[in-house]
Amino acid sequence: MKVSIKAAAQELGVREETLRRWEQAGKITAERTAGGHRRYNLASLRLMTESSRPKLGERVTIGYARVSSQDQLPDLQRQVGLLELYCATKGWTCEIIQDRGSGLNYHKRGLRDLLGRICSGEVGRLVLTHHDRLLRFGAELVFALCEHFGTEVIIINTAQERSFDDDLVQDVLEIITVFSARLYGSRSHKNKQVMQQLKEVADEISRQDPPRGD
């Protein structure tokens, strides 16, 4: 049975980009239609991908670092340095994925790439400096995916982080901005009062002395 790249990816539980990468590496093959579209023999592909998936000892170690804004780039570099040093002391060769974006944003390029590679069976070990570097909320779902695909998760600093670091402030401001935008333009006097209160909270947070990094 020959299927499209979309159907093959869904059947195998991988991304279309993963199939393209496997094809470029010569691990799998695809036929082309007259229009240039890929067609895969699904039965053969299942057999080929079993041998193409990295074995446990060959799976990569990935360190993931994230900050919320451009202003926090020094902290991003600090995270990268800590991840590289930790992996080096363990004798692991690691690859670092860096992201800039809110901990509430589930569509960051680096995060999406990380999730795709975990689900493709490529990642044997995921290393984080702190629990919330991955996501502010919902990290447990990612950890459940890691468990399902046999990816070990290591969090270097498991101590409780301070409640009001720079990153949390950025996330609070983002929440306020979203709610303000939804209320904007409403003719309801009550909604306008709520929006004004949200703006006042945002202004108060912005005036606070910036706390120290992690």
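Rounded, prolate or oblate: which fits the range 56-155 when a ≥ b ≥ c are the square roots of the eigenvalues of the alpha-carbon gyration tensor, with rounded for a/c under 1.5 and prolate only if a/b beats b/c? Here the range 56-155 falls in the oblate category. In a reduced charge model with +1 at each Lys and Arg Cβ and -1 at each Asp and Glu Cβ, the range 2-52 shows a dipole moment near 120 debye about its Cα centre. Scoring 66-72, 149-155, 84-90 by mean Cβ neighbours within 10 Å over their residues and listing the highest first yields 66-72, 149-155, 84-90. Neighbour counts of other Cβ atoms within 10 Å put 92, 22 in the fewest-to-most order 92, 22.
Could you run the Debye sum over the Cα atoms of the range 2-52, one equal point scatterer each and no solvent, and tell me log10 of I(q)/I(0) at q = 0.19, 0.22, 0.23, 0.29 Å⁻¹, two decimals? Log10 I(q)/I(0), no solvent term: -0.53, -0.72, -0.80, -1.29. Annotation: amide H of residue 27 has no partner in the under-5 Å range at sequence separation 5 or more or interchain, hydrogens built in the peptide plane.
Only the coordinates and a few stated rules stand behind these numbers; no lab work does. Note that the structure is a prediction, hence the values are computed from the model and not measured. Cβ: placed from backbone, ideal geometry, glycine included. Neighbour counts: every protein chain shown.
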